[in-house]
Amino acid sequence: MSLTDILELNKTELFAKIRDGLPVVQKTQNLLDCKDDLLFAWDAKECCLLVRNWRSSLAGEVSVQFQTLIPSSTVGLDVDRVLASNECSLVALSGPRGVTILELPRRWGPDGYYKDGKARITCRTFSLDTQLFLNNPHLEVRQMRWHPHSVSDSTLLVLLNNNTIRVYNHSKLRHVWQVGPSLHRGEGTSSLCDFGEVAVDFDIAPAGKTRGDSETTGKNETTLDNSNKTLMAAKSLPKQERIEWPVVVLRENGNIYVLMTGVDSEMTRLQGPITITPQTRDNYGLESCALMIIPSLPPTIVMAESNGKLHHALLMEAEAAELSFNEVDDFVLIEPAEYVVHVLETVELELGLAAGGGGGGAAAASYNCPVYLKRDLINEMRYFAYHNAGLHAVTVSFISELQRYLDSESEDDRLELAASSRAEYILCTKFDSSESVNAVFGLALLQIPAGVVLLLGSGQVISLKLVIDAQLLVTPNESKQAGLDVSQQESGPSFVDTIKSLLQRSVNQPILAEKLASPSAQESYELLNQAIEVLREQYLKRHDLVRAAFARHINQIQLKREQQKLEIQDLEQERELISERAHKLAERFEEISYSQELLVRKCNGLMQKANAALPNNVVAEREFAQEVSRLNTVTQSMAAGLESCKKTLNKQRYHIAKSQEDLKKNAYELPEKQHSTITEILTQLTGEIDRQIIDVKRINKIVGV
């Protein structure tokens, strides 16, 4: 398994088929899209859409490698963008000269294929405003997005280069929203293009506050809401209320406009240009090319320039509505802006690696190209920027800090946006000084497991696994740092955090994609030198810093250990002294306790005598005291008599035991021979007596006595 192709898509028939019909012109486009477990890819050679169930193909051998969705009508567009709808019921195929909608068939079967795995399926298609593009040869499509509030999952917004957004529902044109001055390209080129007044991109912000239709006069107050449940909220609203969606429009000169409108409303309110703070001379982008909104609270706006700069800003409500200057076109009504854009940071991307430059910012200054943005639906803090020179993954750090601040219930909590965003160069396709590029032709984000699939102009497919959220890699010890008390926080950062900060790289070594032509020896040598320099500056040098930090930390620990040993010795001596003092205090306590008992007894005796000697004592008490004294005397005499009896009994027991011992000693014992002789005589006498008794009994029977 290749490290740059985890899913092994280069070996599949789907991309082998697409590889034959890739465009010759190397410019960034997106011929891939992914929804749930379906990966869509446009085949420019046969003008059909290929789809593959990538999740089921991971399990093992599959019977259906991919399916071919054939449009019912000929698609005559040079498709450069494939965009599936939110519920994956439609797919929009966009090119510079038009948009075509393709209806997807139903899915059934155990593996979830279209029409149970049929290889080739004809799908209904319809083109949008074909006659409009035929009559206007200079008209081009700049951007298209599916509306998130569409109940039927069929509302498509298309931005054209004449500063209009056309709203379609299936094949029908519903509305035309003017977002800027009209551009009339008749005899010559309009000067508005020279001033950058053409809208280049737009995105839809979270829904605003509901407004009743009866409020035709007065002020229209709107607030941004971060809830993702706007659709359910809209269904529960009364009929006279509706929801307004702020459509944020970016122009080439960096100006931002907000179009307030409903999903099915002809009436719109255009506001702008929105004030951008803090103010700069270049107005944050003289060559703006892309815009994206992250639905945080407040919404985060990402503005991209063709020189590689990304501006991260917050879309917030203005304290008071601001009036703007009059537009060139008198037919466009501009209302006072109710929002302001506050730029928090600017991230500069490396657009390729400079030859022999060490991978710094020199490459971004020497090469310019359009930058395209794509949100990560799994991780709200991350998005991707792809261009002719590769792919970047950008993590916006302040979004988590904003969420933490909003969720905090402490009144003393402060909002500190100190952490800067991180831009990681994932894939580099330009690493020499030549004009040839290997552009990104397709980008698709996979979910569960998270991954990314890229199709390059050379036909190579890159598939990588992604970490869903970097915060999930935090160890349990690090997760407990948030609950530390103030005293522990004042001790400074931990050693682990220090090492992590030292290992944090400003530039990484991205994956280098294959070029269309084999590099020369000089280019290979420059690339090798550059990789070695990045390795030395960003890897080995930081490891040396970490080693020095470990040495300092070890020295500090050894010093603390010696100091703790000395303190332990002092504590042992103190413990001995304390034990000796405790022993002396215990002896003194026993002496005092014994003296106290004697004093208590004496006091009790004196009190008894004093009470008995009182002249006003009661007769009963006196008699009771005399009786007690008499009983005490009798008891003492009885005790003395009992003691004398015990002594007499002991004497008698002694004499008895002694006399018994003397008797045992004075007893006469016959010799053994005499004893046996006497025993035999007694035995014979016993036998003689027994015979005589028997004779007497026999005589008695005879006589009859």
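The values are calculated or read from the model by the stated rules, or taken from the named source; none is laboratory data. Just so it is clear, the model here is predicted, and its values are computed rather than measured. Positions of Cβ are generated from backbone atoms using ideal geometry, with glycine treated the same way; all protein chains shown enter the neighbour counts. Just the protein is used for accessible areas: all its heavy atoms, side chains included, with ligands, DNA and RNA removed. Shrake-Rupley method; radii C 1.70, N 1.55, O 1.52, S 1.80 Å.
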Consider Ile301 carefully, then state whether it is among the aliphatic types (A, V, I, L, M), part of a strand (DSSP E or B), touching a His at 6+ places or on another chain (Cβ under 8 Å) and at pLDDT 70 or above. yes
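Restricting region 275-289 to residues that are outside any strand (DSSP E or B) and open to solvent by 30 Å² or more (accessible area, probe 1.4 Å), which is nearest to Met381 (Cα to Cα)? Walk me through how you get there before you give the answer.
Looking only at region 275-289, we keep the residues that are outside any strand (DSSP E or B), and these are 278-287.
The next check asks that each one be open to solvent by 30 Å² or more (accessible area, probe 1.4 Å); those that pass are 278-283, 286-287.
Details: Pro278: 23, Gln279: 26, Thr280: 26, Arg281: 29, Asp282: 27, Asn283: 25, Leu286: 26, Glu287: 25 Å.
Among those that are outside any strand (DSSP E or B) and open to solvent by 30 Å² or more (accessible area, probe 1.4 Å), it is Pro278.
Which residue, of Met232, Met292, Met267, is more than 30 Å from Asn307 (Cα to Cα), at pLDDT 80 or above and either open to solvent by less than 40 Å² (accessible area, probe 1.4 Å) or not in a strand (DSSP E or B) (or both)?
On the way: Met232 fails: at pLDDT 80 or above; Met292 fails: more than 30 Å from Asn307 (Cα to Cα).
Only one candidate passes the filter, namely Met267.
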Counting only residues in region 436-459 that are surrounded by fewer than 19 Cβ atoms within 10 Å (Cβ to Cβ) and in contact with a Ser or Thr (Cβ under 9 Å, 6 or more places away or on another chain), the one nearest to Leu14 (Cα to Cα) is identified as Ser458
Looking at (1) assigned to a strand (DSSP E or B); (2) at pLDDT below 90, can you tell me which one Arg55 breaks? (1)
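If a residue has to be open to solvent by less than 20 Å² (accessible area, probe 1.4 Å) and of a type in the set (A, V, I, L, M) to count, how many in region 14-38 make the cut? It would help to see each step written out before you state the result.
At the first step, the residues of region 14-38 found to be open to solvent by less than 20 Å² (accessible area, probe 1.4 Å) are 14-15, 18, 21, 28-34, 38.
Right, trim to of a type in the set (A, V, I, L, M) and you get 14, 18, 31-32, 38.
Final tally of qualifying residues: 5.
Pick from Arg107, Arg124, Arg166, Arg81: which is among the charged types (D, E, K, R), over 30 Å from Val25 (Cβ atoms) and at pLDDT 90 or above? Outline the logic, then answer.
Working: Arg107 fails: at pLDDT 90 or above; Arg166 fails: over 30 Å from Val25 (Cβ atoms); Arg81 fails: over 30 Å from Val25 (Cβ atoms).
Checking each option against the conditions leaves just Arg124.
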Does region 349-365 contain at least one residue that is surrounded by fewer than 20 Cβ atoms within 10 Å (Cβ to Cβ) and either at pLDDT 85 or above or assigned to a strand (DSSP E or B) (or both)? no
Six or more apart or on different chains, Cβ atoms under 6 Å: show the pairs whose first residue is in region 124-142 and closer than 17 Å to Thr164 by Cβ and whose second is open to solvent by less than 70 Å² (accessible area, probe 1.4 Å) and in a helix (DSSP H, G or I). Leu139/Phe133
Being of a type in the set (Asp, Glu), free of Cβ contacts under 8 Å to residues at least 40 places away in the same chain and part of a helix (DSSP H, G or I) is the requirement here; does Glu621 meet it? yes
Qualifying residues in region 102-135 (those that are out of contact with any Leu (no Cβ under 9 Å at 6 or more places or on another chain) and under 18 Å from Leu173 (Cβ atoms)) - the one surrounded by the most Cβ atoms within 10 Å (Cβ to Cβ): Thr130
Using the structure shown, decide if Asp116 is within 17 Å of Leu39 (Cα to Cα), in contact with a helix residue (DSSP H, G or I) (Cβ under 8 Å, 6 or more places away or on another chain) and of a type in the set (D, E, K, R). no
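Would you point out which residue out of Gln660, Gln608, Gln569, Gln563 is of a type in the set (S, T, N, Q), open to solvent by 100 Å² or more (accessible area, probe 1.4 Å) and modelled with pLDDT of 90 or more?
On the way: Gln660 fails: modelled with pLDDT of 90 or more; Gln608 fails: modelled with pLDDT of 90 or more; Gln563 fails: open to solvent by 100 Å² or more (accessible area, probe 1.4 Å).
Among Gln660, Gln608, Gln569, Gln563, only Gln569 is of a type in the set (S, T, N, Q), open to solvent by 100 Å² or more (accessible area, probe 1.4 Å) and modelled with pLDDT of 90 or more.
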Looking at region 49-100, which of its residues are open to solvent by less than 10 Å² (accessible area, probe 1.4 Å) and of a type in the set (Gly, Ala, Ser)? Ala84, Ser85, Ala92, Ser94, Gly95, Gly98
